[in-house]
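S.K.: Got a structure here, written out as structure tokens. Questions coming.
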Amino acid sequence: MKNSENKVLAVIDIGAHSMRLEIAEISPQQKIKTLETLSQPIPIGRDVFTKGIIKAENFALAAKIMKDFAKVMSEYNISSYRAIATSAVREATNKDIFIDRIFIESGIKIEALDSSEEIRLIYLSLKNIIRDKINNALIAMIGTGSSHICLYQNGLLKKAESFRIGTIRIYEELGQPLSKSTVVIDDIVDSLSELLLRSFSEIPPCLIAVGSTPRAMLHIINKSSNRELDILSISDFKQISKIAELKKPEKIASEFTISDLDAVGLLPCCDILSNLLKISKADSIYIPETNTREAIIEEMLREKTDEDPFTQDIISCAKSLGEKFYYDSKHAETVAKYALEIFDEMKHIHRLTEKERLLLHIAAILHDIGQFLNNRQHHKHSYYLIKNSQIPGLSMNDTEIVAMIARYHRRGLPKKSHPEYMQLESFERVIIAKLAAILRIADALDRSHNAKFNKLRIKVENNRIIFSPDTMAMEQTAEILALKAKSDLFAETYGMKVEFS
């Protein structure tokens, strides 16, 4: 049926208010061609945003839709697919039961993306479009169930905040007719702007809006094109806002041939963008032609490569989090440098991957941020702050591991009496022990916070790790004493003696 050199794959996107299937053909040159797109409405969001659970009748409806999707996938002989769920499913208290039921009924395994992973996927797809065009922007990823606002500076993601504010969710949580919700929506969106102004110290005068409803705005003014990136002027935006205020959603949907969901969500979307225009002082809105399904397809293609294109953005976000808590950036960079040098020298011993190297890097950057609260027991404060922060690209579990590595960079070692440590899987506890041991040594090597050693010679031999600095002229007593005090976890984990010569 298809060119044997081409590959056909599928992506299923389970949103708060619809389930979508996209079948795509990938050429040997990695060109993506959509073969078929199916969409079915389902009110999962209404269940979760008002009651906290997915109702039984929507279990059955979802299972039927997924069985239909599975049949279509079988007709295309699909061997590679990803099925992801976003805000509504991840917030449902019966999420795990729902995912299991769908798998039993249809054979399709669903991944519930956390907000951090959702941001990463959409951002990487967007970055392919704006690279070499835009270096600084406020990025609004607006969905029906939740929204993510990101700060993009100097070509890297710097910060991201997720909000349980979606274009349809607002109405569902209010439980009011659309005509009576306008004032309350304005108040909700105003609070969003206040939170952003507190969180983002510098907001560039450029606004990018990602999502189905922003894309629908282009249809309303007949500006939709085949370009990857369109620009909506302020005058056109005001025209759309007036339409959203004066016309009923069903009239908007039929007159401008947009979906019912986009028509209903148009007014809240306009309110959100209007507030973001005010705080960014942007003179237009960039609207890219990207969506979650395309982002997933691009991710599936990237999995064939070893390098993660988001790594530098994660590090950028970690540094931004450090800045929020007034960290000692020089010390953090020095400790990170030493930690990574030790990690690389010991690859044949610890047998960890590039992912664990990244987790160590982030923990090294953030290990001292607990001093923002109090220097006394600041390692415990660092754990709390990291655990309760959002770092795009890190899952909740990854964030917990980073927080735990920072927790053990000083003082007591991991113990069975530590419930947060013991509730992790055994292999995760091993990773934490290995990386925290390295971090303790790296931190000791910069005990004076003066970055004394430009280069460290590291030698591993005969159950010893020997550190030789590039110069012996500078006073090193503090570092030598700190190494002796903090080499306990390293010796316990690796069975190696730490020496300084």
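The values are calculated or read from the model by the stated rules, or taken from the named source; none is laboratory data. Bear in mind that the values here come from a model prediction, so they are computed numbers and not experimental data. Here the Cβ is made from the backbone with ideal geometry for all residues, glycine too, and neighbour counts use every protein chain on show.
S.K.: Go through region 27-42 and give me each residue that's surrounded by fewer than 18 Cβ atoms within 10 Å (Cβ to Cβ) and closer than 30 Å to Tyr171 by Cα.
M.R.: Hits for region 27-42 are Thr37, Leu38, Ser39, Gln40, Pro41.
S.K.: Going by what's in this entry, would His409 be described as in contact with a helix residue (DSSP H, G or I) (Cβ under 8 Å, 6 or more places away or on another chain), part of a loop (DSSP other than H, G, I, E, B), farther than 23 Å from Lys497 by Cα and not aromatic (Phe, Trp, Tyr)?
M.R.: On the way: in contact with a helix residue (DSSP H, G or I) (Cβ under 8 Å, 6 or more places away or on another chain): yes; part of a loop (DSSP other than H, G, I, E, B): yes; farther than 23 Å from Lys497 by Cα: no; not aromatic (Phe, Trp, Tyr): yes.
It is false that His409 is in contact with a helix residue (DSSP H, G or I) (Cβ under 8 Å, 6 or more places away or on another chain), part of a loop (DSSP other than H, G, I, E, B), farther than 23 Å from Lys497 by Cα and not aromatic (Phe, Trp, Tyr).
S.K.: Can I ask one more? For region 24-58, give me each residue that is within 19 Å of Ile102 (Cβ to Cβ) and of a type in the set (A, V, I, L, M).
M.R.: Residues satisfying the conditions are Leu38, Ile42, Ile44, Val48, Ile53, Ile54, Ala56.
S.K.: Restricting region 430-457 to residues that are among the charged types (D, E, K, R) and in a loop (DSSP other than H, G, I, E, B), which is surrounded by the most Cβ atoms within 10 Å (Cβ to Cβ)?
M.R.: My answer is Asp446.
S.K.: Ile185 - would you say it is of a type outside the set (S, T, N, Q) and modelled with pLDDT of 70 or more?
M.R.: When the stated conditions are applied, Ile185 does not pass them.
S.K.: Right, another one. Got at least one residue in region 231-241 being within 23 Å of the chain's Cα centre (by Cα) and either charged (D, E, K, R) or within 25 Å of Glu118 (Cα to Cα) (or both)?
M.R.: no
S.K.: What's the number of the only condition in (1) over 20 Å from Met300 (Cα atoms); (2) touching a Lys or Arg at 6+ places or on another chain (Cβ under 8 Å); (3) of a type outside the set (A, V, I, L, M, F, W, C); (4) not in a helix (DSSP H, G or I) that Asp132 fails to meet?
M.R.: (2)
S.K.: Of the residues Ala70, Ala56, Ala24, Ala10, which is among the hydrophobic types (A, V, I, L, M, F, W, C), free of Cβ contacts under 8 Å to residues at least 40 places away in the same chain and more than 30 Å from Leu174 (Cα to Cα)?
M.R.: Just a single option satisfies the conditions, and that option is Ala70.
S.K.: Hey, among Glu299, Glu294, Glu333, Glu323, which residue is outside any loop (DSSP other than H, G, I, E, B), out of contact with any Leu (no Cβ under 9 Å at 6 or more places or on another chain) and under 22 Å from Glu228 (Cβ atoms)?
M.R.: Values: Glu299 fails: out of contact with any Leu (no Cβ under 9 Å at 6 or more places or on another chain); Glu333 fails: under 22 Å from Glu228 (Cβ atoms); Glu323 fails: under 22 Å from Glu228 (Cβ atoms).
Sole residue among the options that is outside any loop (DSSP other than H, G, I, E, B), out of contact with any Leu (no Cβ under 9 Å at 6 or more places or on another chain) and under 22 Å from Glu228 (Cβ atoms): Glu294.
S.K.: With Ala478, Ala491, Ala436, Ala482 as the choices, which residue is under 20 Å from Gln377 (Cβ atoms) and free of Cβ contacts under 8 Å to residues at least 40 places away in the same chain? Step through it out loud before you land on a result.
M.R.: Details: Ala478 fails: under 20 Å from Gln377 (Cβ atoms); Ala491 fails: under 20 Å from Gln377 (Cβ atoms); Ala436 fails: free of Cβ contacts under 8 Å to residues at least 40 places away in the same chain.
None of the others qualify; the one that does is Ala482.
S.K.: Restricted to region 354-387, and to residues that are among the polar types (S, T, N, Q) and at pLDDT 95 or above, which residue is nearest to Glu428 (Cα to Cα)?
M.R.: Looking at the filtered set, the residue picked out is Ser382.
S.K.: Moving on to the next point. Give the residue, chosen from Ala244, Ala263, Ala253, Ala282, that is within 30 Å of Glu111 (Cα to Cα) and among the small types (Gly, Ala, Ser).
M.R.: Exactly one of Ala244, Ala263, Ala253, Ala282 is within 30 Å of Glu111 (Cα to Cα) and among the small types (Gly, Ala, Ser), namely Ala263.
S.K.: Taking the condition closer than 30 Å to Arg82 by Cβ and surrounded by fewer than 18 Cβ atoms within 10 Å (Cβ to Cβ), does Glu307 pass?
M.R.: yes
S.K.: What single numbered condition from (1) within 16 Å of the chain's Cα centre (by Cα); (2) part of a helix (DSSP H, G or I) fails to hold for Leu385?
M.R.: Every condition holds for Leu385 apart from (1).
S.K.: While we're on this one: If a residue has to be assigned to a helix (DSSP H, G or I) and either touching a Lys or Arg at 6+ places or on another chain (Cβ under 6 Å) or among the β-branched types (Val, Ile, Thr) (or both) to count, how many in region 201-243 make the cut? Let's see the steps before the verdict.
M.R.: Applying the first criterion (assigned to a helix (DSSP H, G or I)) to region 201-243 yields 212-220, 234-243.
Among the residues that remain, those that are also either touching a Lys or Arg at 6+ places or on another chain (Cβ under 6 Å) or among the β-branched types (Val, Ile, Thr) (or both) are: 213, 220, 234, 240, 243.
Qualifying residue count, region 201-243: 5.
S.K.: Given the structure, is Ala478 small (Gly, Ala, Ser), in the same structural domain as Ala339 (by TED's automatic domain parsing) and either within 20 Å of His361 (Cβ to Cβ) or surrounded by 14 or more Cβ atoms within 10 Å (Cβ to Cβ) (or both)?
M.R.: Numbers: small (Gly, Ala, Ser): yes; in the same structural domain as Ala339 (by TED's automatic domain parsing): yes; either within 20 Å of His361 (Cβ to Cβ) or surrounded by 14 or more Cβ atoms within 10 Å (Cβ to Cβ) (or both): yes.
In short, yes.
S.K.: If you don't mind, there's one more thing I want to ask. With respect to the numbered conditions (1) modelled with pLDDT under 95; (2) touching a helix residue (DSSP H, G or I) at 6+ places or on another chain (Cβ under 8 Å); (3) outside any loop (DSSP other than H, G, I, E, B); (4) under 30 Å from Glu499 (Cβ atoms), which one is the sole condition not fulfilled by Ile480?
M.R.: If we test Ile480 against (1) modelled with pLDDT under 95; (2) touching a helix residue (DSSP H, G or I) at 6+ places or on another chain (Cβ under 8 Å); (3) outside any loop (DSSP other than H, G, I, E, B); (4) under 30 Å from Glu499 (Cβ atoms), just (2) comes out false.
S.K.: Could you please tell me which pairs satisfy a Cβ distance under 7 Å, a separation of 6+ or placement on different chains, a first residue in region 316-327 that is closer than 12 Å to Ser382 by Cα, and a second residue that is part of a loop (DSSP other than H, G, I, E, B)?
M.R.: Between residues of region 316-327 that are closer than 12 Å to Ser382 by Cα and residues that are part of a loop (DSSP other than H, G, I, E, B), the close pairs are Leu321/Ser389; Leu321/Ile391; Tyr327/Asp368.
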